[in-house]
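Heads up: the structure comes next, in structure tokens.
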Amino acid sequence: MVVEEKKGKRMSLNEVKVIAFDADDTLWENENFFRDAEHQFCKVMAEYEAEEEVMKKLFRTEIQNLELYGYGVKAFILSLMETALEISNRKVRPEQIEGIIEIGKSMLMKDVILLDGIVDLLDKLYGKYRLVVATKGDLLDQERKLKKSGLRKYFHHIEIMTHKREENYQELLNHLDIPAEQFFMVGNSLKSDVLPVIDLGGYAAHIPYYTTWLYEQMDPEDIKSDRFFELKQIHDVLDLFEKTKE
């Protein structure tokens, strides 16, 4: 296990009462489905522009739409449609629109594939801490995935956020009726799962997924806090808490 303890200080996690988990790419696979969908979209749009240009314009459209649509598959499909209209100069054909719709439906029907080690970790943490899901995305899709995952039984509370900002996490802390120093967040995104929690005074662990959306990417070295832990795999969370009891 690799744990970064900033400033040479060994932090105690004995005060932690709640451990929260991001869902997508922390509990189960997700981002790789978006990468596959992007490549399918580029094939549908191949007659208009090269893949590199299509990807650039799609990303730009997604970022422009974040405040309006939020996150998730449905927001992604709307951005695909808008990008298709742009790059085709409004000449996109009905069968191409149909192909884009099928890309979205396929994503919404994907099996839920749990990441290695997550069931074992939850089994060992359950009953010792209040376990929470703190994720963002489309409400219906996240509820679908949680139901299909078989993990619902482990969690005291499910929070599906529109965004993951300080104010969103503060609302969650208020609901849980705990101070930030009793909250520990686990996720694959430094920007969404780590920074807001650290800024509030809580603890957070980053467990990288092999692919990350460009918008969420940042350097772990930019986070200077002794409440931040850089881990390699999900089971390192258990090792981290057991280490504090030694």
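The values are calculated or read from the model by the stated rules, or taken from the named source; none is laboratory data. If you're wondering where the values come from, they're calculated on a predicted model, not measured in any experiment. With ideal geometry, Cβ positions are generated from the backbone for all residues, glycine too; neighbour counts draw on all protein chains shown. Ligands, DNA and RNA are stripped out before the accessible areas are found, and what is left, the full protein with its side chains, is counted by its heavy atoms. Shrake-Rupley method; radii C 1.70, N 1.55, O 1.52, S 1.80 Å.
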- [ ] Hey, can you tell me all the residues within segment 64-73 that are open to solvent by 40 Å² or more (accessible area, probe 1.4 Å) and modelled with pLDDT of 95 or more?
- [x] Gln64
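Hey, can you tell me all the residues within segment 10-21 that are open to solvent by 10 Å² or more (accessible area, probe 1.4 Å) and either within 22 Å of the chain's Cα centre (by Cα) or modelled with pLDDT of 95 or more (or both)?
Filtering segment 10-21 for residues open to solvent by 10 Å² or more (accessible area, probe 1.4 Å) gives 10-12, 14-15, 17.
The answer is Lys17, and nothing else.
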TODO: May I ask you to list the residues in segment 134-152 that are among the small types (Gly, Ala, Ser), in contact with a strand residue (DSSP E or B) (Cβ under 7 Å, 6 or more places away or on another chain) and more than 21 Å from Phe184 (Cα to Cα)?
DONE: Ser149
Open item on the list: Take Ile97 and tell me if it is modelled with pLDDT of 95 or more, touching a Gly at 6+ places or on another chain (Cβ under 6 Å) and surrounded by 14 or more Cβ atoms within 10 Å (Cβ to Cβ).
Closed with: no
TODO: State all residues of segment 177-204 that are crowded, with 24+ Cβ neighbours inside 10 Å and among the aliphatic types (A, V, I, L, M); if no residue qualifies, say none.
DONE: Met185, Val186, Val194, Val197, Ala204
TODO: Return the total of residues in segment 140-177 being in contact with a helix residue (DSSP H, G or I) (Cβ under 8 Å, 6 or more places away or on another chain), within 21 Å of Lys17 (Cβ to Cβ) and assigned to a loop (DSSP other than H, G, I, E, B).
DONE: 2
Task: Residues satisfying the stated conditions in segment 161-175, i.e. open to solvent by less than 10 Å² (accessible area, probe 1.4 Å) and either in contact (Cβ under 8 Å) with a residue 60 or more places away in the chain or touching a His at 6+ places or on another chain (Cβ under 8 Å) (or both) - done: Leu172
TODO: Please work out which one of (1) more than 16 Å from Phe21 (Cα to Cα); (2) of a type in the set (Lys, Arg); (3) assigned to a helix (DSSP H, G or I) is the condition Lys224 fails and give its number.
DONE: (3)
- [ ] Show the residue pairs that are 6+ apart or on different chains and have beta-carbon atoms under 8 Å apart, the first residue being within segment 18-44 and more than 19 Å from Gly150 (Cα to Cα), the second being basic (Lys, Arg).
- [x] Val18/Arg130; Phe33/Lys110
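Quick check on segment 77-86. Is at least one of its residues part of a loop (DSSP other than H, G, I, E, B), touching a residue at least 24 places away in the same chain (Cβ under 8 Å), open to solvent by less than 40 Å² (accessible area, probe 1.4 Å) and within 21 Å of Thr135 (Cα to Cα)?
No: zero hits.
Please go through segment 64-80 and give me each residue that is farther than 18 Å from Asp36 by Cα and more than 16 Å from the chain's Cα centre (by Cα), ordered by number. Reasoning before the result, please.
Keep residues of segment 64-80 that are farther than 18 Å from Asp36 by Cα, which gives 64-70.
The answer is Gln64, Asn65, Glu67, Leu68, Tyr69.
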Open item on the list: Among the residues of segment 206-215, are any without any contact (Cβ under 8 Å) to a residue 60 or more places away in the chain, in contact with a helix residue (DSSP H, G or I) (Cβ under 9 Å, 6 or more places away or on another chain) and among the β-branched types (Val, Ile, Thr)?
Closed with: no
- [ ] Report, ordered by the first and then the second residue, all pairs with beta carbons closer than 8 Å, sequence separation of six or more or different chains, a first member in segment 46-69 that is more than 14 Å from Asn89 (Cα to Cα), and a second member that is at pLDDT 95 or above and aromatic (Phe, Trp, Tyr).
- [x] Leu58/Phe41; Glu62/Phe76
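State whether the residues of segment 208-217 include one that is at pLDDT below 95 and closer than 16 Å to Phe21 by Cβ. Lay out the reasoning, then the answer.
Let us first name the residues in segment 208-217 that are at pLDDT below 95, namely 208-217.
Then drop every residue that is not closer than 16 Å to Phe21 by Cβ, which leaves 208-209.
Yes, there is a match, as at least one residue in segment 208-217 is at pLDDT below 95 and closer than 16 Å to Phe21 by Cβ.
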Task: Lone qualifier among Ser106, Ser149 - being open to solvent by less than 20 Å² (accessible area, probe 1.4 Å) and among the polar types (S, T, N, Q) - done: Ser149
